[in-house]
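The structure appears right after this line, and notes come after that.
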Amino acid sequence: MVTITEAKARLDLIIAKGRVDLYKPIQIAEVLHYSRIEGGIDIRDVETYRNPSLHWRNKVTQRFMGKGSTSSAQYQHNVWHENAMPPNILAVLDKENKKTQGAIERYIYLRYAERQETVANILALIQAATPENFRLESLLNLFVTQKGIRRSIDKAYEIVAHSLFETIVVALKATVKVSVPETSKVLLKEFADLARVLLGLEEDKLGWEQPAHIYRVGVTNAADRGLDMWANFGPAIQVKHLTLNEKRANAIVDQIESDHVVIVCRNADANAIRAITKQIGWGRRVRGIVRESDLIEWYERCLRGKFADRLAKPLLRELLREFEMEFPQAKAIGGFLVERGYADATPHKLWQTKSDAIVSTGKK
């Protein structure tokens, strides 16, 4: 028989492992809330809430962050696996949650609020940064030392890399051109409908030109090894802050359908990437390896180098914009806590958080 202390320890582990968005803990909270308020589900039968819980959770995260989870359904359902929050442990929490009028739901959302506060502090530091005082290594170190956001360091790496790459590409005024020769006009006419959709060409328009840009694919999860960024001039970019060995590095390259792969990684992992470039067929696909030390050096050049007057402020603006987009501050959390009755509730001893003093005053 699982005790409430053991069940809480499992919940705390899931919260600790979660990224800033805490999708899985929120999903657990919403199942507990639905069971307490609405009923109609059997906590011990995961099929009664497996799929509906995705919608309940996304409704909350849309309110907080303007987005729902984009991870695969399989990854999202992992929350109910034996090594996470299986029905028998969830049932213990459900019984306690009903007995305490929602204390566990409240606990999860206050832990979420604390996590957002950590991110808000980092955003404030970036907002106050100047070309003279900003140090990239200090920012990255915050994601290593701040326990609440450590799991999100890979997203920080993506933002840091993309902000730099896009700033430089725009500053260079690089362009991309697509064209076909006059000798292809007859073939173009035959496939005009396809060429219009695929290449943006017309019978009387054999080419076009546009500014070069690099785009982030979007939010991914820790289990993904897919594409992180793509450029409209060719390269596919993968950012990894995981510990890489040759096998894992090989898998990363193998899953990206591009002949020009750029991998951003920690200094210590660069050798694993170089090892696969020596294999037959891989060398031509991996265009380059960008190490953490390279990023730091390039940031230094942008912020305090000979072209700082052109690059420093645009880089810091892009960096702040992307961090704000990736880690929204969830300003709706205060209203949500009041609406659910969590703000006025008396915290139960086992389910107290650091935020209780703040929430009890109605200022969160």
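For region 16-33, enumerate the residues that are assigned to a helix (DSSP H, G or I) and surrounded by 18 or more Cβ atoms within 10 Å (Cβ to Cβ).
Answer for region 16-33, where residues must be assigned to a helix (DSSP H, G or I) and surrounded by 18 or more Cβ atoms within 10 Å (Cβ to Cβ): TYR23, LYS24, PRO25, ILE26, GLN27, ILE28, ALA29, GLU30, VAL31, LEU32, HIS33.
Test each condition in (1) assigned by TED's automatic domain parsing to the domain that holds GLY18; (2) not in a helix (DSSP H, G or I) for PHE134 and report the one that comes out false.
Single failed check for PHE134: (1).
Within region 66-84, restricting attention to residues that are more than 10 Å from GLN27 (Cβ to Cβ) and aliphatic (A, V, I, L, M), which residue is surrounded by the fewest Cβ atoms within 10 Å (Cβ to Cβ)?
ALA73
Among the listed residues ALA251, ALA343, ALA268, which satisfies the condition of being of a type in the set (A, V, I, L, M), at pLDDT below 80 and not assigned by TED's automatic domain parsing to the domain that holds LYS155?
After ruling out the rest, the residue left standing is ALA343.
Of everything in region 142-155, what is without any contact (Cβ under 8 Å) to a residue 40 or more places away in the chain and touching a Phe, Trp or Tyr at 6+ places or on another chain (Cβ under 8 Å)? Give them in sequence order.
Matches in region 142-155: ARG150 only.
State yes or no: is ARG63 under 23 Å from GLU96 (Cβ atoms) and among the charged types (D, E, K, R)?
Spelling it out, it is not the case that ARG63 is under 23 Å from GLU96 (Cβ atoms) and among the charged types (D, E, K, R).
Pick out the one residue from GLU38, GLU105, GLU96, GLU114 that is free of Cβ contacts under 8 Å to residues at least 24 places away in the same chain and among the acidic types (Asp, Glu).
One residue alone meets the criteria, GLU38.
Return the residues of region 210-231 that are at pLDDT 85 or above and part of a loop (DSSP other than H, G, I, E, B); say none if nothing qualifies.
Of everything in region 210-231, those that are at pLDDT 85 or above and part of a loop (DSSP other than H, G, I, E, B) turn out to be ALA212, HIS213.
For the structure I just gave you, tell me whether GLU166 is part of a helix (DSSP H, G or I), within 20 Å of the chain's Cα centre (by Cα) and farther than 25 Å from ARG19 by Cα.
Considered against the rule, which asks whether it is part of a helix (DSSP H, G or I), within 20 Å of the chain's Cα centre (by Cα) and farther than 25 Å from ARG19 by Cα, GLU166 comes out as yes.
If GLY362 meets every condition in (1) part of a loop (DSSP other than H, G, I, E, B); (2) modelled with pLDDT of 80 or more; (3) under 30 Å from LYS99 (Cβ atoms); (4) more than 28 Å from the chain's Cα centre (by Cα) apart from one, which number is that one?
Against the list (1) part of a loop (DSSP other than H, G, I, E, B); (2) modelled with pLDDT of 80 or more; (3) under 30 Å from LYS99 (Cβ atoms); (4) more than 28 Å from the chain's Cα centre (by Cα), GLY362 comes up short only on (2).
Given LEU123, LEU139, LEU164, which one is among the hydrophobic types (A, V, I, L, M, F, W, C), over 24 Å from ARG10 (Cα atoms), without any contact (Cβ under 8 Å) to a residue 24 or more places away in the chain and outside the structural domain of LYS354 (by TED's automatic domain parsing)?
Unique residue meeting the criteria: LEU139.
Can you tell me how many residues within region 41-54 are touching a residue at least 12 places away in the same chain (Cβ under 8 Å) and loosely packed, with under 13 Cβ neighbours inside 10 Å?
Residues that pass the stated criteria total 2.
Can you tell me which residue among ARG57, ARG106, ARG36, ARG63 is out of contact with any Phe, Trp or Tyr (no Cβ under 6 Å at 6 or more places or on another chain), in a helix (DSSP H, G or I) and crowded, with 20+ Cβ neighbours inside 10 Å?
It is ARG57.
So PRO87 fits all but one of (1) crowded, with 21+ Cβ neighbours inside 10 Å; (2) closer than 24 Å to TRP351 by Cβ; what number is the exception?
(1)
The values are calculated or read from the model by the stated rules, or taken from the named source; none is laboratory data. Computed from a predicted model, the values in this text were never measured in an experiment. Virtual Cβ from ideal backbone geometry, glycine too; neighbours counted across all protein chains shown.
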